[in-house]
Amino acid sequence: MKKQLYRAAAATVLGLSLTTGIVAADTGNIDTTGPGSRNTIRTNLDNRTRVTNHNDIDVNNTNHQTARTGSAQVRWNTHGGDATTGDATNDNQTSADISVDNSASTANLGTFGVGGLGGFDNGASISDTGPGSDNRVDTTVRNNVTVENRNDIDVRNTNNQTATSGNATVSGNTFGGDATSGDASNTNSSQFSISVQN
């Protein structure tokens, strides 16, 4: 009866020594463990990064121009002079320079893994373990990076121009001069420069 009790007690002590040294930590060191011990350092690093850039650029340029010269008439005179209308001119210049730079939002996404995102550095070590021990350092790194860039660029340029020179009339005169109507001209210049960097 006494022999059986001793054997049971010895088995209990052995069972306790087998569970010595089980460790689950981010980083750490294990040293000086007993024989037959099981030593484990588990490290899990989960990096999830989502970058979303929405750039809505709307440029709308509308130009309505109308130029008309007035009527010049010389009529019913013995000596009629010249009839000359003035110039009708329209001039429009539009310039838009738009620059969008989203590169700063993804500048630090080029390095992954241990020592990458999150600044993780696994310095785990296991040393000075007893005979027959089971030593493990398990490191798992998961990186999930989502980058979404939406660039909606809408440029509308509408130009409506009308230039009409007036009527110059010399009529009903004994001596009539020259009748000259002025120039009618429209000028429009539009320049758009759009730069998007993601």
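Quick look at the numbers
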quantity: Hits in region 28-73 - residues which are surrounded by 13 or more Cβ atoms within 10 Å (Cβ to Cβ) and of a type in the set (Lys, Arg); calculated: ARG38, ARG42, ARG68
quantity: Close pairs (6 angstrom Cβ cut-off, 6 or more residues apart or separate chains): at pLDDT 85 or above in region 26-49, of a type in the set (Lys, Arg) anywhere; calculated: THR40/ARG136; ASP46/ARG142
quantity: Residue in region 178-185 that is of a type in the set (Ser, Thr, Tyr), over 26 Å from the mean Cα position of the chain (by Cα), at pLDDT below 80 and closer than 30 Å to GLN73 by Cα present; calculated: yes
quantity: Residue check, VAL74 aliphatic (A, V, I, L, M), part of a strand (DSSP E or B) and within 30 Å of ASN173 (Cβ to Cβ); calculated: yes
quantity: Residue among GLY81, GLY110, GLY116 that alone is surrounded by 13 or more Cβ atoms within 10 Å (Cβ to Cβ), closer than 30 Å to THR52 by Cα and modelled with pLDDT under 85; calculated: GLY116
quantity: Residue in region 69-76 that is under 18 Å from ASN157 (Cβ atoms) and in contact (Cβ under 8 Å) with a residue 60 or more places away in the chain present; calculated: no
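The values are calculated or read from the model by the stated rules, or taken from the named source; none is laboratory data. Everything numeric in this text was worked out from a predicted model, so none of it was measured. Ideal geometry is used to build each Cβ from the backbone, glycine not excepted, and the neighbour counts take in all protein chains shown.
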